[in-house]
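Step one of this worksheet: look at the structure below.
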Amino acid sequence: MNILLTGAAGQLGQELLPRISPLGRVTLADRVAVPGKAETLKLDLGDLNRVEIMLNRLRPDVIVNAAAYTAVDLAEDNASVAFRVNSELPGCLARWSKRNDRLLLHYSTDYIFNGESDRPYIEQDLAVPLGVYGESKLEGERAITSSLCRHVILRTSWVYSGHGNNFVLTMLRLARERPELSIVSDQKGCPTWARNLAGVTAKVMAGLLSDSDERPASGIYHYCDGDAVTWYEFARTIFSIAVEAGILDRMPEMESVLTSGFPQKAKRPLFSVLDTTKIRREFGIEPAGMRQSLQSCIKEMAENESR
Ligand SMILES: NC(=O)c1ccc[n+]([C@@H]2O[C@H](COP(=O)([O-])OP(=O)(O)OC[C@H]3O[C@@H](n4cnc5c(N)ncnc54)[C@H](OP(=O)(O)O)[C@@H]3O)[C@@H](O)[C@H]2O)c1
C-alpha cells in the first residue's frame, strides 16, 4: 500500500512516519526535508497544480494530511495563506481521493469552537470559530465532507512534541530566560502529545483498512489526551517534570493572568475540551494520560540534551 504523508516535517508528521510505516510504503512531502530523510518531496503544498501533479504521479492508496498553517495569531493577518493550506489543500486532496476512490486522513482543531459550552464538545456540536485559523480549518473540514471521498477527520487540541513550535518548548525556553512568567489561567483544554495522536492515526488507519471493518465509511472523531487543564496548570506540570528530569534548574515564579490581561492577536476559546467518547466506542482507543505523556516527552528531551 502506498501512503502519502503531507506535512511530514511538522510536529505530528515526524511522529507519524514511524507509526504508519508498518502499514505501507510512505512518501513524505513538506516544504523542507524531514530531518534525516533526504528523499522528502519538497514543494509548496499551497500550489495546488503541483499537488495534483504529485498525486497523479504517486497515486497513493491513502493520504495522511498533517500539513497545516498553524500560526494562530499570524493567521489573522495572513488569511489567504491560512485558507490555501488549511482549506483549499484538503479540498484538493479530497476531490482527488473521491475521483480515485482513495482514503484521506486529515486533522482539525478545537479552535473551530467558540468555547462557550459547559461540557466537553462532541463531534456534532455547532462549530463557531473565533479567528481566522479556526475558520480556515473548519472550511477544510467542509471541503472534505462535501467532496464525499472516504475520509476520517481527527480533531485534536493543544499539540506538543519535542520539536517544532509548541507550548512545552516555549515554556521551557522562557523559564530558562526569565525568573518570572505570566501564564493564562482561564483557558481550558486538553494537551495532546503528537506521538499519541500519531499512534491513534495508525490504529484508525489499520482498522479502516481491515477487511472485517464494519464502521461507517467516513467520519469526524475527537481525539485528545485524557486530562483537561488550564495553560497555567499545564505550565506548572511542565516545570515540575522538567526539574525532576534535570533539564530545568528550578521552578520559575508563576503569575496567573486572565485572557483579558494577556492580549493576543487571535481570540481563543476559553473552553475547548473535546469529548472522546466516539473514538473510544468505535475504535477502542483509550486516551493517554496527560502527565505520563508529558513525562515521556520531557524524558526523551533530557536524553537528547545529554547526548
Ligand atoms: N499544533 C496544535 O496545537 C494543534 C492543535 C489542534 C489541531 N492541530 C492540527 O494538527 C495538525 C498537525 O499540526 P502540527 O502541530 O503538526 O503542525 P506543524 O508542526 O505546524 O506542521 C505542519 C507542517 O505543514 C507544513 N506546511 C505548512 N504549509 C505548507 C506549505 N504551503 N507547503 C509545504 N508544507 C507546508 C509546515 O511547514 P512550515 O512549518 O515550514 O510551514 C509543517 O511542517 C494540523 O492539521 C493542525 O491544524 C494542531
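Would you grab the residues whose amide H sits under 5 Å from the one on Val34? Only those 5+ places off in sequence or on another chain, please, with H modelled 1.01 Å from N.
Thr40
Taking the dipole about the Cα centre of the chain, with the C-beta of Lys and Arg at +1 and of Asp and Glu at -1, give me whichever of Thr276, Leu104, Pro287 is farthest to the positive side.
Comparing the listed Cα positions along the dipole, Leu104 ranks first.
Which value, in Å² and to the nearest 10, is the accessible area of Glu303 when all protein chains are kept and the probe is 1.4 Å?
80
Quick one: angle between helix 231-245 and the longest Cα principal axis of the chain, in degrees between 0 and 90, rounded to 10, please.
The angle comes out at about 80 degrees.
Which cross-chain or sequence-distant (5 or more) residues have an amide H under 5 Å from the amide H of Ile122, H modelled 1.01 Å from N in plane?
Asp275
With charges only on Cβ, +1 for K and R and -1 for D and E, what is the dipole size of region 237-276 about its Cα centre, in debye, rounded to 20?
320
Please report how far the C-alpha centroid of region 141-157 lies from that of region 110-124, rounded to the nearest whole angstrom.
So the separation of the two Cα centres works out to 17 Å.
Using +1 on the beta carbon of Lys and Arg, -1 on that of Asp and Glu, and nothing else charged, what's the dipole of region 1-142 about the Cα centre, debye to 20?
For region 1-142, the charge dipole is close to 920 debye.
From the P(r) of region 155-307, can you give the percent of Cα pairs sitting at distances over 22 Å?
47
Compute the acute angle (0 to 90°) between the alpha-carbon long axis of helix 290-306 and the principal axis of greatest extent of the alpha-carbon atoms of the chain; round to the nearest 10°.
So the helix axis and the longest Cα principal axis differ by about 80 degrees.
Would you list, by chain and number, the lysines whose Cα falls below 26 Å from the Cα of Lys299, excluding same-chain residues fewer than 8 positions away?
Straight-distance partners of Lys299: Lys37, Lys188, Lys203.
Distance from the Cα centre of region 206-282 to that of region 1-58, in angstrom?
Here the two parts' Cα centres lie 25 Å apart.
Quick one: in the chain, what % of C-alpha pairs are over 36 Å apart?
15
What whole-number value in cubic angstrom gives the convex hull volume per residue for the C-alpha atoms of region 111-245?
145
Over the chain, with every protein chain in place, what whole percent of the accessible area is carbon and sulfur at 1.4 Å, could you tell me? Don't skip to the answer; put the middle values down first.
Numbers: 6640 of 13810 Å².
Looking at the chain in its full context, I get 48 percent from C and S.
Across the Cα atoms of region 1-133, what radius of gyration and what greatest pairwise Cα-Cα distance (Dmax) are found, in Å?
For region 1-133, the Cα-based Rg and Dmax read 15.6, 48 Å.
Roughly how much of Asp186 is accessible, in Å² to the nearest 10, using a 1.4 Å probe?
Around 50 Å² of this residue is reachable by solvent.
To the nearest 10 degrees, how steeply does helix 132-147 sit against the main Cα axis of the chain, on a 0 to 90 scale?
The angle comes out near 20 degrees.
Using each residue's phi in region 262-274, evaluate 6.51 cos²θ - 1.76 cosθ + 1.60 at θ = phi - 60° and report the 3J(HN,Hα) Karplus result to the nearest Hz, with x for Gly and Pro.
Karplus-based 3J(HN,Hα) across region 262-274 equals 9, x, 10, 4, 9, 6, 10, x, 6, 9, 9, 6, 9 Hz.
Averaged per residue, what accessible surface does region 6-86 expose to a 1.4 Å probe, in Å²? Mind dumping the intermediate values first?
On the way: 3820 Å² over 81 residues.
That works out to 47 Å² for each residue.
Could you please put Trp231, Trp96 in sequence from largest to smallest accessible area, using a 1.4 Å probe? All intermediate terms of the calculation are to be shown ahead of the outcome.
On the way: Trp231 40, Trp96 0 Å².
These residues rank, largest area first, as Trp231, Trp96.
What is the magnitude of the charge dipole of the chain about its Cα centre, with +1 placed on the Cβ of each Lys and Arg, -1 on the Cβ of each Asp and Glu, and no other charges, expressed in debye to the nearest 20?
So the dipole magnitude of the chain works out to roughly 840 debye.
Would you mind putting 260-273, 101-114 in packing order, based on average other-beta-carbon counts within 10 Å, highest first?
101-114, 260-273
Short version: ³J(HN,Hα) in whole Hz for each residue of region 277-283, in order, from phi by Karplus 6.51 cos²θ - 1.76 cosθ + 1.60 (θ = phi - 60°), x for Gly and Pro, what are they?
Each residue's phi maps through the Karplus curve to give 4, 5, 6, 5, 5, 7, 10 Hz.
The values are calculated or read from the model by the stated rules, or taken from the named source; none is laboratory data. The structure displayed is predicted, hence computed values, not measured ones. Every residue, glycine as well, gets a Cβ built from its backbone with ideal geometry; the counts of neighbours run over all protein chains shown. Each accessible area value is taken on the protein alone, full model and side chains, heavy atoms only, with ligands, DNA and RNA left out. Shrake-Rupley method; radii C 1.70, N 1.55, O 1.52, S 1.80 Å.
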